[in-house]
Amino acid sequence: MTYVFPPHPQPALPVVGSAALFPVRRIFCVGRNYAEHAREMGATAQATGLEPPFFFMKPGDALVGGDGEIAVKYPPLTKNLHHEIEMVVALGAGGQNVTVNAANGLIFGYAVGLDLTRRDLQAHAKEKGHPWDMGKGFDQSAICSAIHPASLVGHPATGPIWLKVNGQTRQQGDLADMGWKVADIIANLSMQVRLEAGDLIYTGTPAGVGPIVPGDLLEGAVEGVGELRARIL
Ligand code: MN
């Protein structure tokens, strides 16, 4: 097989304890999964309750990540780039109509991610009823740490998740406050699309999102999973 131009490189992340890389396929993100963040984004009490989870996506090649300090270019067309620290689930197997009880069986591991958001573009899209893609799925919008295999870290359901910008705490939450738990998210998403090995799922952000500017150092962690360090250029 030949191609009319060389295929793009496979997006991938390092795996803790392994020389082999994790090949990334699609990037799914859950919206408003911590009630306090949903409220700060203006959701009504009703919308923070028992509504089904909703999803948006970033292209696989919006991924930027790995070990050490991750360099991220400040994106164009925004004056309000926001950080959202999130636990990321990395799937090692696929499935459709996966039950909640079987969901953990699809999980290869976990990572710490930042769902970078052009908040001004997202707000404009919401107002117009337009898609969120250009507010959420721009180049280098999906920052992700190395993957920590579930064989090493288990399946964390509680524990602190936090983000500091230039040493100052901006976000501080706990995985226990996720509205939809990881297994519920996988089960629901697998009814909508067939999930595949290599898919990443960003599981939502706690309260405290806010703007970042060139030069900022972002340091975050999901305790018990791992850490993340990124510099905005
Ligand atoms: Mn998010």
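The values are calculated or read from the model by the stated rules, or taken from the named source; none is laboratory data. Quick caveat, the model's predicted, so the values are computed rather than measured. In this analysis, Cβ positions are derived from the backbone assuming ideal geometry, glycine residues included, and neighbour counts consider all displayed protein chains. Only protein heavy atoms, including side chains, enter the accessible area calculation; ligands, DNA and RNA are left aside. Shrake-Rupley method; radii C 1.70, N 1.55, O 1.52, S 1.80 Å.
Can you give me the number of residues within region 159-193 that are assigned to a helix (DSSP H, G or I), open to solvent by 50 Å² or more (accessible area, probe 1.4 Å) and closer than 21 Å to G220 by Cα? Steps first, please.
Of region 159-193, the ones assigned to a helix (DSSP H, G or I) are 175-177, 182-192.
Checking the rest, the ones that are also open to solvent by 50 Å² or more (accessible area, probe 1.4 Å) come to 177, 191-192.
Filter once more, so that each one left must be closer than 21 Å to G220 by Cα: 177.
Residues in region 159-193 being assigned to a helix (DSSP H, G or I), open to solvent by 50 Å² or more (accessible area, probe 1.4 Å) and closer than 21 Å to G220 by Cα: 1 in total.
Within region 121-147, work out how many residues are more than 13 Å from the ligand (Cβ to nearest atom) and either in contact with a strand residue (DSSP E or B) (Cβ under 9 Å, 6 or more places away or on another chain) or farther than 22 Å from A207 by Cα (or both).
Here is the first cut: in region 121-147, the residues more than 13 Å from the ligand (Cβ to nearest atom) are 121, 123-131, 133-134, 138-140, 145-147.
Of the ones still in play, those that are also either in contact with a strand residue (DSSP E or B) (Cβ under 9 Å, 6 or more places away or on another chain) or farther than 22 Å from A207 by Cα (or both) are 128-131, 133-134, 138-140, 145-147.
Counting residues in region 121-147 that are more than 13 Å from the ligand (Cβ to nearest atom) and either in contact with a strand residue (DSSP E or B) (Cβ under 9 Å, 6 or more places away or on another chain) or farther than 22 Å from A207 by Cα (or both) gives 12.
May I ask you to verify whether N97 is part of a loop (DSSP other than H, G, I, E, B), of a type outside the set (D, E, K, R) and touching a residue at least 24 places away in the same chain (Cβ under 8 Å)? Outline the logic, then answer.
Values: part of a loop (DSSP other than H, G, I, E, B): yes; of a type outside the set (D, E, K, R): yes; touching a residue at least 24 places away in the same chain (Cβ under 8 Å): yes.
So N97 passes the test.
Rundown of residues vs (1) within 15 Å of the ligand (Cβ to nearest atom); (2) touching a strand residue (DSSP E or B) at 6+ places or on another chain (Cβ under 7 Å), yes/no style:
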site: P11; (1), (2): no, yes
site: S18; (1), (2): no, no
site: R25; (1), (2): no, no
site: F28; (1), (2): yes, yes
site: A43; (1), (2): yes, no
site: P53; (1), (2): yes, yes
site: I70; (1), (2): no, yes
site: L81; (1), (2): yes, yes
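Given (1) in contact with a Ser or Thr (Cβ under 8 Å, 6 or more places away or on another chain); (2) under 24 Å from G159 (Cα atoms); (3) more than 13 Å from the ligand (Cβ to nearest atom), where does N101 come up short, assuming only one miss? Result: N101 passes all but (1).
Taken as a whole, the structure leaves K136 outside the set of residues that are more than 14 Å from the chain's Cα centre (by Cα), more than 26 Å from G17 (Cβ to Cβ) and of a type in the set (D, E, K, R). A residue that is more than 16 Å from the ligand (Cβ to nearest atom) and surrounded by fewer than 18 Cβ atoms within 10 Å (Cβ to Cβ) cannot be found anywhere in region 107-118.
Looking at region 194-210 only, could you name the residues that are in a strand (DSSP E or B) and either of a type in the set (A, V, I, L, M) or more than 17 Å from the chain's Cα centre (by Cα) (or both)?
Step one: filter region 194-210 for residues in a strand (DSSP E or B), giving 195, 200-202, 210.
Within region 194-210, L195, L200, I201 qualify.
Answer yes or no: is there a residue in region 45-64 that is of a type in the set (A, V, I, L, M, F, W, C), open to solvent by 20 Å² or more (accessible area, probe 1.4 Å), assigned to a loop (DSSP other than H, G, I, E, B) and within 20 Å of G210 (Cα to Cα). No, region 45-64 contains no residue that is of a type in the set (A, V, I, L, M, F, W, C), open to solvent by 20 Å² or more (accessible area, probe 1.4 Å), assigned to a loop (DSSP other than H, G, I, E, B) and within 20 Å of G210 (Cα to Cα). For first residues located in region 193-208 and away from the ligand (no atom under 11 Å from the Cβ), partners that are outside any strand (DSSP E or B) and modelled with pLDDT under 95 and lie 6+ apart or on another chain with Cβ distances below 8 Å form the pairs A207/E36; A207/H37; A207/R39; A207/E40; G208/H37; G208/E40.
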